[in-house]
Structures are given as C-alpha cells and as structure tokens.
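Report on the structure given below.
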C-alpha cells in the first residue's frame with residue numbers, strides 16, 4: 001500500500017484537465033441525476049488527503065460523507081478485506097453463512113449502548129437499515145405508524161424518502177410516498193422561537209402532543225431520530241429533548257430507533273452520539289463509518305425485538321457481504337487502536353476554537369450565525385448579516401472558494417446554508433489547521 005504524502009498541493013486549476021476529460025466521458029454515460037460536489041476524479045486517497053488524476057492533493061473535510069472515518073485506505077481495512085477477497089467474495093449469508101458476519105454482529109452487540117441482550121441484521125446501505133428497522137418495529141408492535149422529525153434525513157428509497165424531511169433534491173417528483181409516516185417538531189435550538197434554552201422542553205412537549213392528538217400513541221410502531229441530525233444541518237437537539245422522546249416511547253410501547261448512520265462509530269467523540277445524554281435506543285441503525293468505505297449497514301437492537309421477524313423475513317442477497325464484514329472488523333480495530341473517539345474530540349476542540357475566532361475577528365464574521373456539532377461532525381450555519389435569514393449563497397460561495405484552493409468541504413441544511421465538516425478522524429492536526437486557514441481566507445473573498 002503506497003503512502004500518500006499528507007500535504008495539500010494544487011498544481012492545476014480545480015478541476016484539472018484530466019478530470020475535465022473524465023467528466024466529459026461521464027456526461028455521456030452516467031445518469032444526470034447522480035450529482036457530485038466537486039468533479040475532480042480521485043486517483044488515490046488516504047489519511048486526510050484525496051489525490052486526483054491531475055496530481056492535485058486536496059485536504060479532505062468530507063470523508064465521503066462520514067464514511068472514511070479511519071481514512072480511505074486504512075491498513076487494517078485493506079489487510080482484512082484483501083485476505084477475504086483471496087478466500088471468497090460471496091456465498092450469500094442466507095445460503096451458506098460465514099464467520100465474518102457473526103463477528104461483526106458480536107462487535108455491534110458489544111459497542112452499541114445498553115447492557116441488554118442484542119442481535120443484529122446486516123444490509124448494504126443506510127436506507128436499507130432504516131427500512132428494515134421499520135419492518136422490525138411494525139412486526140414487533142403490530143402497529144403501522146412511524147414518527148419522524150423536522151429536518152431529518154433517512155434515505156432515498158420510497159419509504160425512506162417519506163421519512164426524510166427535505167423535498168429538494170431528495171423527494172421532488174418521486175412520489176407518491178409510503179403512507180403512515182408522520183412528522184413532528186425537533187428542538188432546533190438556534191431557530192427555536194423562544195430561544196435555545198427553552199427548545200428541549202417545548203419541542204418535546206409539542207411533539208408528544210402532536211403524536212397523541214394526530215396519530216394516537218397506541219398506533220405508533222416506531223419513533224426514528226438522528227441523535228445529531230445530518231443532512232438537516234448538523235442540528236444537535238437541545239438538551240432534554242431526546243430523553244423526553246425516548247421516555248415517551250418507552251411509556252407507550254413504541255420502538256425508539258436511533259439513526260446513527262452519519263453520527264456513529266466515533267464521529268462525535270463517542271462510539272454513538274445517543275450516548276451523550278445516556279439514551280439507550282431499542283434499535284440503532286448504522287452504516288457509513290462502519291466499514292472503512294465498503295458497503296455495509298446494520299440494524300442492532302434488543303434481542304426480543306430483533307427476533308420478532310420470521311425466518312426469511314430479513315435479509316438480501318448482498319447483505320453482510322464477507323468482504324465488507326472484513327472491512328468493518330478492520331475499521332473497528334483501527335478505531336480502538338488509535339482511540340478515534342479521542343481524536344474526534346481533539347478535532348472538535350481545534351475546529352470550534354478556530355471557527356469562533358473567525359466569527360469574532362472577520363469583518364463579515366457575523367454571517368456565521370451558529371457554530372455547532374460534536375467531535376468531527378462540526379458545522380457553521382450562515383445567515384445574512386445582522387439577521388437569522390438563511391444565506392445559502394454564502395455557503396455555496398465559501399465551498400467554491402475552498403475547492404479552488406484544494407480543500408474539500410460539503411454543504412447541507414434544510415435551507416442549504418450550512419457548511420459541514422467531516423474530516424477523517426485520522427487527519428493530521430497540521431492539515432486540519434491548514435484547511436482552516438483556507439476557510440478563513442475564503443471568508444475574505446465572499
């Protein structure tokens with residue numbers, strides 16, 4: 001495995017001529033609906049660097065949307081996946097099983113919150129995990145309604161589009177959507193009308209009131225929430241909100257599902273973000289960071305709930321593919337050995353400190369309305385000067401300016417006005433600070 005120099009290098013325009021040529025080929029054969037944040041074509045990636053086909057090296061503050069938390073070519077992931085490739089690529093666990101699948105489920109039982117007996121089922125993508133969590137909750141409770149939250153994102157399949165809050169680009173024109181999905185308020189502190197300090201109590205009361213009045217708690221199979229809302233803008237629900245909703249679910253026999261697909265596996269400085277307020281979910285969905293870049297997802301939960309589905313009711317041809325399972329075991333090994341929870345907490349310390357400095361000292365720093373997030377899941381919400389009006393243009397302009405200087409950043413948010421930072425947890429602190437220098441300079445050009 002070739003080590004990639006951990007240094008930013010811009011030797012052509014971004015994108016460079018080879019990427020431009022590949023983009024022309026792409027436009028001929030790849031469906032237009034498949035977008036890309038930045039059309040530079042990757043040649044190699046590892047640590048905190050993405051090297052493109054033109055020889056540019058970009059500092060990676062995206063991690064493939066929180067997937068390559070251990071880096072895009074982590075030694076343990078490559079070693080274990082390569083060994084598995086040499087043995088066999090697939091048998092289908094539903095035909096002849098293999099140990100790797102069982103080992104991943106054992107690790108999930110150990111790492112996920114709670115000391116109760118747990119079981120897991122493995123799938124390919126986050127959306128599949130969420131969809132199967134709904135199936136499991138429905139068969140367990142013999143109920144049909146599913147409750148989700150404003151600003152939530154849960155996937156792109158028909159059911160998970162219904163669960164997702166944001167219309168464009170995820171839902172526009174793709175309906176009709178799956179029925180029996182209900183949306184209630186979330187404690188979005190920065191935008192809560194009576195202030196962030198009231199958001200937890202007031203939003204949970206409103207949500208519970210709506211569930212009781214509009215659905216009936218006795219009809220709800222599952223309540224699904226991201227403990228830190230991802231695509232919606234890296235929103236941390238105000239303190240007290242999650243415990244109140246989890247307690248309501250427990251009191252009414254509702255399956256409480258923590259969607260940790262973006263926030264899980266050390267991303268927030270804990271193995272799972274729901275640990276922050278001591279939440280023990282009935283079911284937890286994971287994907288993204290689980291397998292170092294290989295396609296794998298899981299539903300893990302209370303054994304009696306997971307066992308509600310009849311034999312053959314859960315599964316899929318590729319679910320828990322042996323190579324992906326090997327990658328997951330390598331990723332978890334890396335997380336443990338390098339203490340990536342500690343690394344994530346240090347990233348938070350560096351990033352929040354630098355971003356707060358920018359907010360206070362830049363002439364246009366007041367467009368940073370909010371700095372939030374935990375661990376290596378940090379965001380700034382951009383607003384029009386002197387207001388809280390969303391400023392999506394500033395987010396787009398900042399991202400463009402960073403990309404031109406070789407720093408890959410992503411935007412998100414219901415209003416498209418959030419710049420989010422998801423560096424690999426193995427990124428060097430020098431690279432992280434260099435990326436923040438570029439971000440600071442970009443503010444001066446918008």
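Which of the three applies to the range 3-100, rounded, prolate or oblate, going by the alpha-carbon gyration tensor with a ≥ b ≥ c and a/c under 1.5 meaning rounded? Oblate is the answer for the range 3-100, as a/c is 1.5 or above yet b/c matches or exceeds a/b.
Estimated at 0.36 nm per residue, the fully extended path between residue 170 and residue 400 surpasses their Cα-Cα distance by 80.6 nm. Helix content alone sets the calculated 222 nm mean residue ellipticity of the chain: runs of n ≥ 4 DSSP H residues at -39500 (n - 2.57) each, divided across all residues, give -11500 deg cm²/dmol.
Averaging 1/r over each pair of different alpha-carbon atoms in the range 77-337 and inverting the result gives 18.6 Å, the Kirkwood hydrodynamic radius.
For the peptides 288-295, 163-170, 306-313, the ranking by mean Cβ contacts within 10 Å, running from highest to lowest, is 288-295, 163-170, 306-313. Anisotropy class assigned to the range 163-313 is rounded, per the alpha carbon gyration tensor with a/c under the 1.5 cut-off.
Testing the spin-label approximation: label points 7 Å from Cα along Cα→Cβ at residue 239 and residue 336. State their distance in nm. Here the modelled spin labels are 3.3 nm apart. Put the Cα centre of the range 278-302 next to the Cα centre of the range 352-392 and the gap is 30 Å. DSSP bridge analysis restricted to the range 187-335 gives an antiparallel fraction near 40%, rounded to the nearest 5.
Summarising the strand pairing of the range 77-337, around 45 percent of its internal DSSP beta bridges are antiparallel. Take every DSSP beta bridge whose two residues both sit in the chain; close to 65 percent of them are antiparallel. With contacts taken as Cα pairs under 8 Å at a separation of at least 6 residues, the chain carries a relative contact order of 22 percent. For the range 152-295, the relative contact order is 19 percent, taking Cα pairs closer than 8 Å that sit 6 or more residues apart in sequence and dividing their mean separation by the residue count. Under the criterion of Cα pairs below 8 Å and six or more residues apart, the relative contact order for the range 77-337 equals 31 percent. For residue 440 and residue 11, the FRET efficiency from 1/(1 + (r/R0)^6), where r spans their Cβ atoms and R0 equals 22 Å, is about 0.45. Within the listed set 268, 411, 317, the Gaussian network model of the chain (springs between alpha-carbon atoms below 10 Å) gives the highest mean-square fluctuation for 317.
With R₀ fixed at 56 Å, the C-beta to C-beta distance from residue 43 to residue 209 puts the FRET efficiency at about 0.55.
Taking label positions 7 Å along the Cα-Cβ direction at both residue 178 and residue 89, the computed distance is 3.0 nm, reported to one decimal.
Size descriptors for the chain: radius of gyration and Dmax over Cα atoms are 21.5, 63 Å.
No value in this document is a laboratory result; all are computed from the given coordinates. Computed from a predicted model, the values in this text were never measured in an experiment. Backbone-built Cβ (ideal geometry, glycine too); neighbour counts: all protein chains shown.
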